[in-house]
Amino acid sequence: MKILVCGGAGFIGSAFIKNYLNNNPKNKIINLDLLTIGSNLKNLKEIEQNKNYQFINDDIKNQKLVDNLAKDVDVIINFAAESHVDRSIANPKPFIETNILGTYSLLEATKKHDNLFIHVSTDEVYGDAENEDSFTEKSLINPSNPYSATKAAADHLVSTYHRTYGIKCITTRCTNNFGPHQFPEKLIPKTIIRAKKDLKIPLYGNGEQIRSWIYVYDHVQAIENLISNGISGQVYNITAWNEIKNKTIVENILELLNKSKDLIEYVNDRPGHDKRYSIDASKIQKEINWKPKYDFKESLKDTVEWYDENYSWWEPLIDEKALHPQPWTLKWK
Ligand SMILES: NC(=O)c1ccc[n+]([C@@H]2O[C@H](COP(=O)([O-])OP(=O)(O)OC[C@H]3O[C@@H](n4cnc5c(N)ncnc54)[C@H](O)[C@@H]3O)[C@@H](O)[C@H]2O)c1
């Protein structure tokens, strides 16, 4: 089996590659990544010499290249994306380009070469679950910000390529991931890093927003299981059923680092901010024989320890933008 992983130098894609090659040492992976913000080849240090691993630094929108690569692989997995909501509010254009046009380019390649296309999407496409039950795969898509709108557009493209052209595809919609190697601008690493530096921890609005958290290695194992057991044309929600308020996560991290809760500073809320994300993942649990195995509290502790011990990984990545309390107020290219 040979897999083209797109966006494999990012947080989740790199975890997928390491986990997959560890479980399937004879299979091959090509990692196609443009190395934009959020990517880091250091995430893949332990496998960069592996003879079954190859890295290509290029754009998923390079149609000629992806057509060529698709000729020779069985599966294409699309992790490549612009992935930060705050930056999408400041400048949606790169999100439209990569998340929609990039997915289109990969779908065209899949159509020509009959690969299995796994599209890694997000629970954010369902929008706010404040007054709703947990969303299932049958729920309507109702995104609230430019990031989730571009992910939703890509999900629609995938399903129409299945219906119209008969491509083999699977879409996954996962909740918020955390773990080692997550770029410092996201909530958990940002909180850890700012707390370690005794900087105020910004909480948007009243901090009561609810997100459902999953350890990144649970997410990537679910995707691996779907390669062999997923049904083409289907969407699978992925969650570890840990719905927690942002405020509580920040307080937990401060406790783990022995820092005072006085570091918390409430700042203006993110425009269009969803109050709650909540999905039901019964389908993947019943049909695919996957369930999360990592305990939330233990993995959060491990993650805090990882950032504590890997100063050399995150220190070069932090700047005023990555740690900014309200990134949507900045100018982003
Ligand atoms: N982080 C989460 O909590 C979460 C939750 C659910 C779904 N997702 C989805 O999972 C995927 C991966 O997320 P992540 O957190 O690892 O993001 P990330 O930002 O860490 O990684 C994205 C990767 O895509 C690459 N990339 C961007 N544009 C590209 C292009 N045009 N061509 C090739 N490569 C390109 C980047 O260089 C980077 O390595 C995304 O599609 C995201 O929407 C993320």
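The values are calculated or read from the model by the stated rules, or taken from the named source; none is laboratory data. Here the structure is a predicted model, which is why all the values come from computation and not from measurement. Backbone-built Cβ (ideal geometry, glycine too); neighbour counts: all protein chains shown.
Counting only helices (runs of 4 or more DSSP H) that sit completely within region 28-128, those holding 1 or more residues that are in contact with a strand residue (DSSP E or B) (Cβ under 6 Å, 6 or more places away or on another chain) correspond to 63-70, 103-113. Residue under question is LYS321, and the condition is that it be surrounded by fewer than 20 Cβ atoms within 10 Å (Cβ to Cβ), within 17 Å of GLU137 (Cβ to Cβ) and either touching a residue at least 60 places away in the same chain (Cβ under 8 Å) or of a type in the set (Gly, Ala, Ser) (or both); does it hold? Against the criterion (surrounded by fewer than 20 Cβ atoms within 10 Å (Cβ to Cβ), within 17 Å of GLU137 (Cβ to Cβ) and either touching a residue at least 60 places away in the same chain (Cβ under 8 Å) or of a type in the set (Gly, Ala, Ser) (or both)), LYS321 does not qualify.
Exactly one residue out of LEU107, LEU35 is hydrophobic (A, V, I, L, M, F, W, C) and over 28 Å from ASN142 (Cβ atoms): that is LEU35. Among the criteria (1) in contact with a strand residue (DSSP E or B) (Cβ under 8 Å, 6 or more places away or on another chain); (2) modelled with pLDDT of 95 or more; (3) not assigned by TED's automatic domain parsing to the domain that holds VAL85, the one GLY230 does not fulfil is (3). Residues of region 107-117 include none that is assigned by TED's automatic domain parsing to the domain that holds ILE170, within 9 Å of the ligand (Cβ to nearest atom) and in contact (Cβ under 8 Å) with a residue 12 or more places away in the chain. The test for being more than 9 Å from the ligand (Cβ to nearest atom) and either out of contact with any Gly (no Cβ under 6 Å at 6 or more places or on another chain) or assigned by TED's automatic domain parsing to the domain that holds PHE117 (or both) does not hold for LEU35. None of LYS331, LYS283, LYS321 is more than 18 Å from ILE193 (Cβ to Cβ) and modelled with pLDDT under 95 except LYS331. Is there a residue in region 148-168 that is within 30 Å of SER312 (Cα to Cα) and either in contact (Cβ under 8 Å) with a residue 12 or more places away in the chain or not in a helix (DSSP H, G or I) (or both)? Within region 148-168, none of the residues are within 30 Å of SER312 (Cα to Cα) and either in contact (Cβ under 8 Å) with a residue 12 or more places away in the chain or not in a helix (DSSP H, G or I) (or both). In region 52-81, what residues are among the basic types (Lys, Arg) and closer than 24 Å to LEU226 by Cβ? Selection gives LYS71 alone.
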